[in-house]
Amino acid sequence: MEQKVTEKVHCLIVGSGPAGYTAAVYAARANLKPVLYQGIQPGGQLTITTEVENYPGYPDGVQGPEMMVHFEKQAARMGADIRYGLATKVDFSVTPHKVWIDEDKLVEADAVIIATGASAKWLGLESEQRLNGYGVSACAVCDGFFFRNKEVAIIGAGDTAAEEALYLSKLCTTVHMLIRRDKMRASRVMQERVQQTPNIKIYWNSEADEVLGESRVEGLRIRNTKSGDKQEIPISGFFVAIGHQPNSGIFAPFLDMDEAGYIKTVPGTSRTNIEGVFAAGDVQDKIYRQAVTAAGSGCMAALDAERYLSAKGLA
């Protein structure tokens, strides 16, 4: 028996990081009466970040969770209907589009903005999670500044890890780079740049055994994957660059995605391959992954949704 629709909305926003909240601000100002479901992590990745110094408008910096509270309050003040709840299933084969919240509440929406973000992949060490935000980071561009003139370590072997190691090399005295195998996955040009940078020290066949420190990172114990030998290096920051996983699984049956699961959008827009469905933020951006770019794409999604709804005579 088909489930009864419990609610019908004009504009449904799924996700509550900078992209989702910004989309809510613009959609509310356009009188689209947006309903936003915050998802499993209200505020997104910034809620597990400490100080944010690279977002415009905060000259003294701001704590990540505090900034997300500001975003949420602004969206609410504009009139966005912000709710707890996780999208667990969708059906984009029909219009209005169907989205199930927490498995049992069915919402129909004329336009859907997906802003579910991406999650950093972690090693799974207890010490890594305990010291996350206290020297452990998954974003060198976000947090590298805090380790100026200090020694840091980074683990990863792809282009992103190479780019972040090079970025850190301009700020830090030494970058200890751990490669799990005897070769890198990064493109040849990136490998050459890393290997030619004098203050990047590469550890082949090496993995992180334990992040050292009680209240913040003080060192790293590494293990050779071939010999099993262990050694400790004193560092102030540990960067995990083994990739991100876009939170896009439930949309896979309907939306075009790349091989990593990032939602494809029409270049220069937030439009997906399904009419009336838009994507913003890290769920469709594997290149920049910054709060400010996510917010910008959230603005784009709301404007695209407004134009779509107007053209359809729905707003």
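A short reminder: the numbers here are calculations on the coordinates, not readings from a lab. Computed from a predicted model, the values in this text were never measured in an experiment. Here the Cβ positions follow ideal geometry from the backbone for every residue, glycine too, while neighbour counts run over all protein chains shown.
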What is the chain's relative contact order, in percent, from Cα pairs under 8 angstrom and six or more apart in sequence? 21 percent
For the cross-link pairs K33/K312; K98/K312; K183/K230; K33/K121; K170/K230; K170/K201, which exceed 25 Å when the distance is taken from alpha carbon to alpha carbon? K33/K121; K170/K230
For the stretch 158-315, just list the percent of Cα-Cα distances falling in each 5 Å bin from zero outward, please. 2, 8, 13, 15, 14, 12, 11, 9, 7, 5, 3, 2, 0, 0
Largest first and rounded to whole Å, the semi-axes √(5λ) derived from the alpha carbon gyration tensor of the stretch 118-201 read 20, 16, 11
How would you rank D143, D258, D209, going from fewest to most other Cβ atoms within 10 Å of each one's own Cβ? D258, D209, D143
Sort M190, M177 by Cβ crowding within 10 Å, fewest neighbours at the top. M190, M177
So which trypsin sites (Lys or Arg not before Pro) in the stretch 255-315 pass both tests, a DSSP loop state and at most 15 other Cβ atoms within 10 Å of the Cβ? K264, K312
State the dimensionless ratio Rg/Rh of the chain (Rg: radius of gyration of Cα atoms; Rh: Kirkwood radius). 1.03
For the chain, any Cys whose C-beta has no other cysteine C-beta under 4.7 angstrom counts as unpaired, and these are C11, C172, C299
For the stretch 105-143 and the stretch 231-262, write down the distance between their C-alpha centroids in whole Å. 9 Å
V99, V292, V62 arranged by Cβ crowding within 10 Å, fewest neighbours leading: V292, V62, V99
By Kyte-Doolittle mean hydropathy of at least -1.0 and Cα axial length of at least 27 Å, which whole DSSP H helices of the chain are selected? 291-311
List the GluC sites (Glu not before Pro) within the stretch 240-315 that DSSP assigns to loop and that have no more than 16 neighbouring Cβ atoms inside 10 Å. E259, E275
